[in-house]
1. Go through the residues of segment A:47-55 one by one and say whether even a single one is touching a residue at least 60 places away in the same chain (Cβ under 8 Å) and open to solvent by less than 10 Å² (accessible area, probe 1.4 Å).
2. Residue by residue through segment A:16-46, note down the ones that are touching a strand residue (DSSP E or B) at 6+ places or on another chain (Cβ under 7 Å), buried (at least 23 other Cβ atoms within 10 Å of the Cβ) and among the β-branched types (Val, Ile, Thr).
3. Name the strands (runs of 3 or more DSSP E) wholly within segment B:40-130 that hold at least 1 residues that are within 14 Å of chain A (Cβ to nearest Cβ) and of a type in the set (Lys, Arg)?
4. Do we find a residue being open to solvent by 20 Å² or more (accessible area, probe 1.4 Å), in contact with a strand residue (DSSP E or B) (Cβ under 6 Å, 6 or more places away or on another chain) and of a type outside the set (D, E, K, R) anywhere in segment A:100-115?
5. Any residue at all in segment A:93-103 that's over 22 Å from A:Ile148 (Cα atoms), β-branched (Val, Ile, Thr) and outside any helix (DSSP H, G or I)?
6. Just name the residue that is farthest from A:Phe194 (Cα to Cα) out of those in segment B:75-118 that are of a type in the set (Ser, Thr, Tyr) and open to solvent by less than 30 Å² (accessible area, probe 1.4 Å).
7. Counting just the residues of segment A:67-84 that are modelled with pLDDT under 90 and not in a strand (DSSP E or B), which one comes out surrounded by the most Cβ atoms within 10 Å (Cβ to Cβ)?
8. B:Glu6 fails exactly one of the following numbered conditions: (1) open to solvent by 60 Å² or more (accessible area, probe 1.4 Å); (2) at pLDDT 60 or above. What is the number of that condition?
Amino acid sequence: MALLAEDRSDASMKVVEYDGSKMESPYIFIGLPDVGLVGSIAVSYMIDSVKMVEIGHVESDLFPPILLVRNGEVKNPIRLYSDGSNMIALISEMPIHPSTLQEFATSIADWFKRMRPRLVISITGIPVQNRLNIDKPKVFYIASDEHISSLMRSTQALVFEEGIIFGAYAAILKACMSRDISTLTLFTQSHLNFPDPFASIEALDVLNKALNISIDLNELREEAEMIRIKTRELMKQTESMLAEPRLKASPTFYG
Amino acid sequence: MSDEREGRDIFDVIEEMDKRMRRIMERAFAGISMDVDEQLYDMERKELKPLTQISETDEEVIVTLDIPCASKESIELKATEDTLFIRARMDRCVTFSNVEFENYSKSVRLPARVEPKHARASFRNGVLQVRLPKKFEGNEIKIE
C-alpha cells in the first residue's frame with residue numbers, strides 16, 4: 001500500500017495514512033484498551049458492523065516491536081478505519097504504555113485536527129465493585145460544549161459530575177481540548193479487569209440515540225461470551241498497565 | 001554485519017542483540033506481569049485459566065473469576081484453608097493456536113487463611129464469586 005501522507009514526519013510517533021481520501025466533518029470514535037475493554041470491544045464491533053476499511057495506523061519507535069497476524073495478513077496494533085462517509089475509528093490491540101501516552105495523544109490529536117471532525121467520541125469503562133449485580137450498566141458522559149450535551153439529553157446517559165480521569169483517554173481529552181476539538185467521552189459502569197461487552201452494548205446504545213446512527217447490537221449480544229474469551233489476553237496485558245504505579249497513584253474512581 | 005562486529009565471536013553478537021531486545025521489551029512492558037503462574041492457558045491439558053480478581057475485607061477473602069460459556073451445573077469448587085480450586089466445563093469448544101479448549105481450571109492461592117466450610121459462592125452472567133470468611137487465629141488480649 002502506498003503511503004500518501006505521514007503526519008508529524010519529524011516526530012517519534014506518527015499517523016500513517018494509506019490514501020488521501022478526505023471526509024466532511026466525520027465522527028471519530030476511539031476504542032483503546034482500558035477498564036473492562038469497554039471501548040476496545042465497542043469500537044471493534046462498530047468497525048465490523050459498519051464494514052469499515054483500514055485507512056492507516058499509528059507507528060513509533062517508542063512502541064514495542066509488535067505486529068499482529070490476522071487471516072495471514074500482518075497488521076499494526078494501532079489502526080485507523082473509515083466507513084468512507086462520515087465515520088472514522090481508532091483502535092489499539094495493545095495497551096498504550098504510560099510513558100508514551102503524551103506523545104501518542106499529541107500525534108493523534110494533531111491528526112484529528114487535520115480531519116476537521118464534527119466530534120471525537122471516546123468510549124471507556126468506569127469500574128464499579130458491585131458490577132456483578134448490575135443488569136443494566138449506567139453510562140456517564142462528559143461533553144465539550146452545550147450542543148453535544150443537548151444531543152445527550154435524548155439518551156439515558158448521565159452527566160459525569162465529579163471524579164478523576166487518567167490514562168490514555170485523559171491524555172487524548174486534554175490534547176483535543178487544547179486544539180479546540182469537540183469531544184464526547186462516555187464512561188460505562190463495568191468490571192475493572194474482566195472484558196465487559198455488556199457495558200460496550202450500553203455505550204453503543206447511547207451513541208445510536210445521541211448521534212442518530214444505527215449500529216445493530218444483536219450480534220454483539222449473541223457473541224458477548226465468546227468476545228469475553230477472545231479478549232482475555234488483551235485484558236490481562238491491560239490490567240498490568242492499569243496497575244502501573246503512576247496510574248495507581250490516582251486516588252479514586254468515579255461510580 | 002557491520003565492520004565493528006567483524007572478528008567477534010558470533011555468540012557475543014547474539015548475546016548483545018538479545019540484551020538489546022530485552023532492554024526494548026523491558027522498557028515497553030514495564031509493569032506487565034510475565035509470571036508463569038499468570039498464564040491464561042494450559043496447552044497440554046487443554047484448559048483455560050480464568051481471569052481472576054482477589055480482594056480482602058477484614059472478615060473475608062473474595063475471589064471473583066470470569067468464566068464465560070461455563071454452566072452453573074458444571075462448576076466444581078473446592079477450598080482448603082489457603083487455596084481455592086475451581087474447575088468448570090464450557091458449553092462449547094474454543095480454539096486458540098489450533099488447540100481446542102473445553103474446560104476452565106485454576107488453583108488460587110489465598111492471601112489469608114480461611115474457613116472453607118463457611119464459604120459461599122454465587123454465579124451470574126458467567127462470573128463466579130466466592131466469599132471465604134477469614135480464619136480467626138489470635139489470642140484474646142485482656143485490657144488491664
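1. No, the conditions are met nowhere in segment A:47-55.
2. Selection gives A:Ile28, A:Ile30, A:Val35, A:Val38, A:Val43.
3. It comes to B:83-96, B:99-109, B:120-124.
4. no
5. The answer is yes, given that some residue of segment A:93-103 is over 22 Å from A:Ile148 (Cα atoms), β-branched (Val, Ile, Thr) and outside any helix (DSSP H, G or I).
6. B:Ser105
7. Result: A:Leu67.
8. All conditions pass for B:Glu6, except number (2).
The values are calculated or read from the model by the stated rules, or taken from the named source; none is laboratory data. This structure is a prediction, so every number in the text was calculated from the model and none was measured. Backbone-built Cβ (ideal geometry, glycine too); neighbour counts: all protein chains shown. Please note that ligands, DNA and RNA were not included when accessible areas were found on the heavy atoms of the full protein model with its side chains. Shrake-Rupley method; radii C 1.70, N 1.55, O 1.52, S 1.80 Å.
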